[in-house]
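Each remark here refers to the structure printed beneath this line.
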Amino acid sequence: MADAFDLIVVGAGPGGYVAAIRASQLGLKVALIERETQLGGTCLRVGCIPSKALLETSELYEQSQKSFAERGIIIQGAALDIAQMMKHKQGVVNMLDGGIQGLMKKNKIERFAGHGRLKGNGVVEVTGSQPATLTGKKILIATGSVSSSLPGIQPDGNLIGTSTEALSWPEVPKHLVVIGAGVIGLELGTVWRRLGSQVTVLEYLPRILPGIDSQVAAEAQKILEKQGMKFRLGTKVTLVKANTHGCTVEIEGSEPVTCDRVLIAVGRKPCTDNLGLDEAGVKMDKRGFIQVNAAYRTTAENVYAIGDVIGGAMLAHKAEEEGIAFAEKLVTGHGHINYVTIPAVIYTAPEIAAVGATEDSLKEAGIKYRAGRFTFAANGRARAAGHTEGFVKILADAETDRVLGVHIIGAHAGELIAEAAVAMEFGASSEDIARCCHAHPTLAEAVREAALAVDKRAIHS
Ligand code: NAD
């Protein structure tokens, strides 16, 4: 039996490895168990990072085909080298994995390679290339989530794939059907459309991007359609079949759709298989998420959980926040997390970013608000860059003027939203944002103008 640890972390995604670092900084002796060779979890290996590498590269390719010439840049013979594109993507992942491995060493976190399984009473068994039995005063489960599918539909790892496979296809499918108009469907649909696929998105609901402010989602649909993505809303997929030539997607009440590949992007589910949760007395809810209290303690003494596996927004930065809050609460008794100010970003072009309440949710809750909107078409920097689509919308309490939500669709929305998140964390009013000088010419001026617009005094509209 290996030495006893103060904390054993199971899962080295953004939740687990960040919790391990913070716990180590606070003086705990930490073990980290991960069954994949690379650290960083879904986010680094087959999620946020590789998808962003492909989004950036495919955007460059599309620009070289469509918009360089109008700016006076003539490129002849620009062509696609998918193998090189994938090599670059993998290089980014490998480099960042090396960074996390280095951070583990620097923070003296002992890494165990293999599958961790709780045995009760602080014992965790590691099976795999480096079998071990560990004992810990506290155990943290940070095992994340896996792609879910639809009843009767099984990804075959080839023509019918999830986001994992769609990050590594060796050639461009002629016709790609994406099932689900959520974040993954639109981001990866965008990658392959830019590379030359005809993309059809089948969505069960009557709208795209559930959870996103409906005005922003409607604008996104309009822009994505203009780019060539096809949407069929209110469409229920009942069966997907693959044969040697491609796939057939059966739809309730309509003709089947044929295509070359299918991407299933209908959500993710908690990853709790073979973790020994029953043995350890850890309870899950009806949807399989681990139940925790405000200090992330599960129903089992000394066993905690954070990140996708406990539900809520399935976002890397939410898991990181929880990892830090967990470690600080454990060691100091105090930890901070504000779920209201956790931003969300969708990396389509233009990007979509949001923090706080949507207009839909304020209406539903009967909260009186004032909305200020400013379009990027009236922003000088956006004009110069040729990114004039979209707008910034700020929602402020009608009585107190406190900012309740900020929604941005436009170039670099994912960077612009940070200002809104900080403002909301500080309890800012729209007047506070409006009074802050923003450099000219920047896209951020659109945020200030939207704040001015709350009080109907935007300057440039
Ligand atoms: P999602 O929940 O965002 O979207 C799934 C979509 O599939 C929904 O619109 C849903 O209505 C639709 N759907 C469900 N069943 C269907 C059916 N039978 N036929 C047609 N459509 C159907 O899920 P996702 O896009 O798979 O993403 C999974 C998780 O990963 C999300 O929580 C997301 O936030 C996270 N993620 C985040 C980012 C980011 O922050 N940029 C990127 C990728 C993934």
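The values are calculated or read from the model by the stated rules, or taken from the named source; none is laboratory data. Only a predicted model underlies this, so the values are computations on that prediction, with no experimental measurement involved. Every residue, glycine among them, receives a Cβ derived from its backbone with ideal geometry; neighbour counts consider all protein chains shown.
Descriptive notes on the structure:
- The range 161-190 - residue that is over 26 Å from Ala313 (Cα atoms) and not aromatic (Phe, Trp, Tyr) and, of those, surrounded by the fewest Cβ atoms within 10 Å (Cβ to Cβ): Pro170
- Whether a residue is among the small types (Gly, Ala, Ser) and crowded, with 19+ Cβ neighbours inside 10 Å was assessed, and Gly15 passes this test.
- Put simply, of Ala421, Ala434 the only residue that is of a type in the set (Gly, Ala, Ser), touching a residue at least 40 places away in the same chain (Cβ under 8 Å) and buried (at least 17 other Cβ atoms within 10 Å of the Cβ) is Ala421.
- Filtered residue count, the range 24-83, keeping only those that are touching a Leu at 6+ places or on another chain (Cβ under 7 Å) and in a helix (DSSP H, G or I): 8
- Per this entry, Ala453 is not counted among residues that are buried (at least 16 other Cβ atoms within 10 Å of the Cβ), of a type in the set (A, V, I, L, M, F, W, C) and assigned to a loop (DSSP other than H, G, I, E, B).
- Some residue of the range 319-326 being away from the ligand (no atom under 13 Å from the Cβ) and exposed (fewer than 14 other Cβ atoms within 10 Å of the Cβ): no
- Filter result (over 30 Å from the mean Cα position of the chain (by Cα) and either not assigned by TED's automatic domain parsing to the domain that holds Arg297 or not in a strand (DSSP E or B) (or both)) within the range 122-131: Gly122, Ser129, Gln130, Pro131
- Close pairs from the range 450-461: first in contact (Cβ under 8 Å) with a residue 40 or more places away in the chain and over 10 Å from Arg373 (Cα atoms), partner among the small types (Gly, Ala, Ser) and outside any loop (DSSP other than H, G, I, E, B), Cβ under 8 Å, at least 6 apart: Asp455/Gly372; Asp455/Ser430; Asp455/Ala434; His460/Ala378
- Cβ-Cβ distances below 8 Å connect the following pairs, each with a first residue in the range 29-43 that is farther than 7 Å from Ala12 by Cβ, a second residue that is surrounded by fewer than 24 Cβ atoms within 10 Å (Cβ to Cβ) and at pLDDT below 95, and a separation of six or more residues or different chains: Lys29/Asp3; Ala31/Ala2; Arg35/Gly128.
- Within the option set Lys108, Lys89, Lys119, being basic (Lys, Arg) and part of a helix (DSSP H, G or I) holds for one residue only, Lys89.
- Members of the range 341-374 that are of a type in the set (D, E, K, R), out of contact with any Phe, Trp or Tyr (no Cβ under 7 Å at 6 or more places or on another chain) and farther than 30 Å from Leu54 by Cβ: Glu359, Asp360, Lys363, Glu364, Lys368, Arg370
- Residue, nearest to the chain's Cα centre (by Cα), within the range 192-229, restricted to residues that are among the charged types (D, E, K, R) and away from the ligand (no atom under 14 Å from the Cβ): Asp213
- Candidates in the range 300-318 are the residues that are assigned to a loop (DSSP other than H, G, I, E, B) and touching a strand residue (DSSP E or B) at 6+ places or on another chain (Cβ under 9 Å); of these, the one that is nearest to the ligand (Cβ to nearest atom) is Met314.
- Tally, over the range 174-185, of residues that are near the ligand (Cβ under 8 Å from one of its atoms) and closer than 17 Å to Cys259 by Cβ: 4
- Within the range 147-164, the set of residues being of a type in the set (Ser, Thr, Tyr) and within 11 Å of the ligand (Cβ to nearest atom) comprises Ser147, Ser148, Ser149, Thr162, Ser163.
- Restricting the range 231-290 to residues that are within 11 Å of the ligand (Cβ to nearest atom) and of a type in the set (Gly, Ala, Ser), the residue that is nearest to Gly311 (Cα to Cα) is Gly267.
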